[in-house]
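Trainee: What follows is a single structure, and I will ask about it in a moment.
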Amino acid sequence: MKNSSTFIVIFTLCWGLLLVGQESSLTPLEDYDTFQQEQELVLQAQEYADAKKYVRAAEQYRRAAELASSSEKRASYLVREAENLLLGKKSHRAKKVYFDLVNNYRFFIPLHTVLEQMRELADYFEHGTGTFLRFNDPGVAIEIYREIVKCQPGGEQSLNDRLVLGRKLEADGQREEAVKVYQETVKLLPRNPDVRLALAQCLSKLATKSDGDGELSKAAIREAQSFLEFASPDDPRRELATEIMTQAKNDEAKRMLSRAEFYLVKYHYRPDVARRYLLDVIREYPDSTSTPVAKALLELHFPADQATEIKSN
C-alpha cells in the first residue's frame, strides 16, 4: 500500500512538470532573460517620462507590454503607454490604445481613471488639441464618448456621459442620433428630469426643421410635460420646459392650419377635411398663435351654424 501511494505521488509530480513544460515554450533561463528585458524597458520608460519625453516613454511601455507574461501586467503597461501618448499629444495613437484597453482588458485596468482620460482625449479632438494641424474633429470625440458609454451599462453611472454624447451629436448636426441616445437613457432612467428636458429640447428643434405628421411636436410636448412632473417645484428650468411646450403646440397648430388651407385651395378643395383641421386647431390648441386665423377661416368658408357648433364645444 505504501509503495502504491509513493507511485501515485511520483506520477502526479511528473505529470505536473510535463504540463508546465507544455504551457511555456521558454526555458527557465529564457524566462529570466525576458523578465530582465521587461524590467529594463520599464526603467527606461520611467526615465523618459520623468524627462517629459512622453512619446519615447510610451514606446518603451509598448515593448514591455509585448514581453509581459500575464494579461494583468500587459494591461498595466498599456495603461501607461496610453497615458504618455495622451501627455505627448499623440491623440490618434492614444485613442487606439484606450480602445484596446476598454475592449480587451476591461477587468484588468482602473476603469474610472481610464474613462476620465478618455474624456480628456475626446476634448482634445473636439477642440483640435493634439490633432494634426490642430483641426477640430468632433466626429472622433463622439466615437470616444460612445465607447465610454458602452463601458457603463448602468443608467446612473453613465448619465452624464450619455448627456454629453447627446449634446455632441446635436452640435454635430446629428439630432436624430441624439434623440436615440436620449431615448435609450429615458428607458434606463424614466423619472430623470435632465434626460426628459434634453429629449424635449432636441425633439422641439427637429420639429421646427421638419415635422410632416406632427409626431415630433407631440413627442416634445410629452417630454416637456414629463420634465415638469419629475422636476422639483423650484427647478429654474421649468420656464424653459413651458416655452418648449408652447413652441411645440404653436408648431403643431401651424401645421394643422397649413393642411386646412391646402384643402381650401381650388385644385385641392376638400371642405370636410379642411373644416376638420380647423376645428382641431381650435379645440386642441386654443391658445396657439394659429387659433385666431383658424376661427377666421371657419367663419369665412363655412356656414354660421357650423361655426356656432365649435363655439359651443
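The values are calculated or read from the model by the stated rules, or taken from the named source; none is laboratory data. Everything quoted here is computed from the prediction, not taken from an experiment. Because the Cβ atoms are built from the backbone with ideal geometry, glycine has one as well, and the counts that use them run over all protein chains shown. Accessible surface is based on the protein model in full, side chains and every heavy atom, while ligands, DNA and RNA are left aside. Shrake-Rupley method; radii C 1.70, N 1.55, O 1.52, S 1.80 Å.
Trainee: Quick one: in segment 287-296, which of the residues that are in a helix (DSSP H, G or I) and touching a residue at least 12 places away in the same chain (Cβ under 8 Å) is nearest to the chain's Cα centre (by Cα)? Break it down stepwise before answering.
Mentor: Going through segment 287-296, the residues in a helix (DSSP H, G or I) turn out to be 291-296.
Now narrow it down to the ones that are touching a residue at least 12 places away in the same chain (Cβ under 8 Å): 291, 293-295.
Values: 291: 40, 293: 42, 294: 42, 295: 45 Å.
Among them, the one singled out is 291.
Trainee: So, one more: Condition first: within 28 Å of residue 297 (Cα to Cα) and buried (at least 16 other Cβ atoms within 10 Å of the Cβ). Now tell me which residues in segment 233-245 satisfy that.
Mentor: Listed by number, the residues that qualify are 244, 245.
Trainee: Sticking with this structure for a sec: Please enumerate the residues belonging to segment 197-232 that are open to solvent by less than 40 Å² (accessible area, probe 1.4 Å) and either touching a residue at least 60 places away in the same chain (Cβ under 8 Å) or not in a helix (DSSP H, G or I) (or both).
Mentor: Scanning segment 197-232 gives 211, 214, 231.
Trainee: To continue, here is another question. For the structure I just gave you, tell me whether residue 184 is open to solvent by 70 Å² or more (accessible area, probe 1.4 Å) and closer than 30 Å to residue 114 by Cβ.
Mentor: yes
Trainee: So, one more: Helices (runs of 4 or more DSSP H) wholly in segment 91-181 with at least 3 residues that are charged (D, E, K, R) and more than 21 Å from residue 58 (Cα to Cα) - which ones?
Mentor: The qualifying helices (runs of 4 or more DSSP H) are 138-150, 155-171.
Trainee: Can we say residue 55 is open to solvent by 20 Å² or more (accessible area, probe 1.4 Å), among the aliphatic types (A, V, I, L, M) and either modelled with pLDDT of 95 or more or not in a helix (DSSP H, G or I) (or both)?
Mentor: yes
Trainee: Please work out if residue 80 is in a helix (DSSP H, G or I), more than 17 Å from the chain's Cα centre (by Cα) and crowded, with 18+ Cβ neighbours inside 10 Å.
Mentor: yes
Trainee: Can you tell me which residue among 248, 253, 260, 241 is closer than 18 Å to residue 291 by Cβ, modelled with pLDDT of 95 or more and in a helix (DSSP H, G or I)?
Mentor: Just one listed residue meets the conditions, 260.
Trainee: Turning to a different aspect of this structure: When segment 226-250 is examined, which residues are found to be of a type in the set (S, T, N, Q) and more than 24 Å from the chain's Cα centre (by Cα)?
Mentor: Within segment 226-250, 232, 242, 246, 247, 250 qualify.
Trainee: For segment 165-174, give me the residue count where each residue is touching a residue at least 24 places away in the same chain (Cβ under 8 Å) and buried (at least 18 other Cβ atoms within 10 Å of the Cβ).
Mentor: Total meeting the criteria: 4.
Trainee: Failed condition for residue 83, given (1) in contact (Cβ under 8 Å) with a residue 24 or more places away in the chain; (2) over 24 Å from residue 160 (Cα atoms); (3) among the acidic types (Asp, Glu), with all others met?
Mentor: Just one mismatch for residue 83, condition (2).
Trainee: Only one of (1) under 30 Å from residue 302 (Cα atoms); (2) open to solvent by 50 Å² or more (accessible area, probe 1.4 Å); (3) not in a helix (DSSP H, G or I) is not met by residue 283, so which one is it?
Mentor: (3)
Trainee: Continuing with this model, one more query. Name the pairs whose Cβ atoms lie under 8 Å apart, with the first residue in segment 265-286 and among the charged types (D, E, K, R), the second open to solvent by 100 Å² or more (accessible area, probe 1.4 Å), and 6 or more positions between them or separate chains?
Mentor: Listed by first residue and then by second, the contacts come to 283/313.
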